[in-house]
1. Hey, does the stretch 169-178 have a residue that's surrounded by 15 or more Cβ atoms within 10 Å (Cβ to Cβ), among the acidic types (Asp, Glu) and closer than 23 Å to ASP81 by Cβ?
2. Specify which of the listed residues (THR186, THR199) is open to solvent by 30 Å² or more (accessible area, probe 1.4 Å) and under 21 Å from the mean Cα position of the chain (by Cα).
3. Answer yes or no as to whether ARG132 is within 17 Å of the chain's Cα centre (by Cα), assigned to a helix (DSSP H, G or I) and among the charged types (D, E, K, R).
4. Filter the stretch 15-24 down to residues that are surrounded by fewer than 17 Cβ atoms within 10 Å (Cβ to Cβ) and more than 18 Å from the chain's Cα centre (by Cα), then give me how many there are.
5. Anything in the stretch 37-80 that is of a type in the set (Lys, Arg) and modelled with pLDDT of 90 or more? List them, or say none.
6. Checking the structure you have, find out if any residue of the stretch 103-113 is modelled with pLDDT under 95 and either over 19 Å from LEU170 (Cα atoms) or part of a loop (DSSP other than H, G, I, E, B) (or both).
7. Given the conditions (1) at pLDDT 95 or above; (2) farther than 29 Å from LEU58 by Cα, and given that ALA129 satisfies all but one, which numbered condition is not satisfied?
8. Can you tell me which residues in the stretch 140-157 are part of a helix (DSSP H, G or I) and surrounded by fewer than 18 Cβ atoms within 10 Å (Cβ to Cβ)?
Amino acid sequence: MGRPREHDETTRTALLGAAERIVAAGGPGALSVRSVAEAAGTTTRAVYSLFGSKDGLLAEALAGDAFEFLSEEIDKLSETDDPASDLVDVGVLVFRRLAREHPALYRIAFQRIVPLEAGPELTAARQQAWGRLVHRIERLETAGLLGQKTVTEAAIEFNAMMEGLANAELRGAVLRLLPAGSEEATWRSALRTVIRGFTS
């Protein structure tokens, strides 16, 4: 019989959750192998066994989780006969949720608050999430809504707007100038403006 794994997926999930909470509360400087292990109720050996190091925990796991969240949540969205509205939903219902519900993951993956050396797992997760966005942009192309833009150009521009809106909302300085409760409407308006601009 094979030797049972000492540290399983439950331990991995607990460590990732603890690491996310620590970064969210105290920034990346608060994260250490010991702090994560203690918060998860396990040992430092578990961190090294599952992730290799603190850097491995951040780069290969937390950042990867951000991109996996995007892929999985985009997959859950329905595709209607309105590809423009569907694309706006990607921004509002998925990308905005990542920034609001998992700000530490967002900041690690997109704001690069820690140095990241993307290994194969993180690269694959990032490419998968990008592919989901590209697919939604391709639906615009099929509907004749890209004008002279290439799919890649449109995807880069749309992604840039999503990141800009997320950064502004996380800072709390820009969107706070708007009437309370109008943030989602602002996202939708801004993203629709980008889409309309593809054909101009």
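The values are calculated or read from the model by the stated rules, or taken from the named source; none is laboratory data. Here the structure is a predicted model, which means the values were calculated and not measured. Using ideal geometry, Cβ is built from the backbone for each residue, glycine included, and neighbour counts are taken over all protein chains shown. The protein model used for the area step is the full one, side chains on, heavy atoms only, and it has no ligands, DNA or RNA in it. Shrake-Rupley method; radii C 1.70, N 1.55, O 1.52, S 1.80 Å.
1. Looking through the stretch 169-178, none of the residues is surrounded by 15 or more Cβ atoms within 10 Å (Cβ to Cβ), among the acidic types (Asp, Glu) and closer than 23 Å to ASP81 by Cβ.
2. Answer to the check: THR186.
3. yes
4. Counting residues in the stretch 15-24 that are surrounded by fewer than 17 Cβ atoms within 10 Å (Cβ to Cβ) and more than 18 Å from the chain's Cα centre (by Cα) gives 0.
5. Correct list: ARG45, LYS76.
6. Yes, that holds for at least one residue.
7. (2)
8. Hits for the stretch 140-157 are GLU141, THR142, VAL151, THR152, GLU153, ILE156, GLU157.
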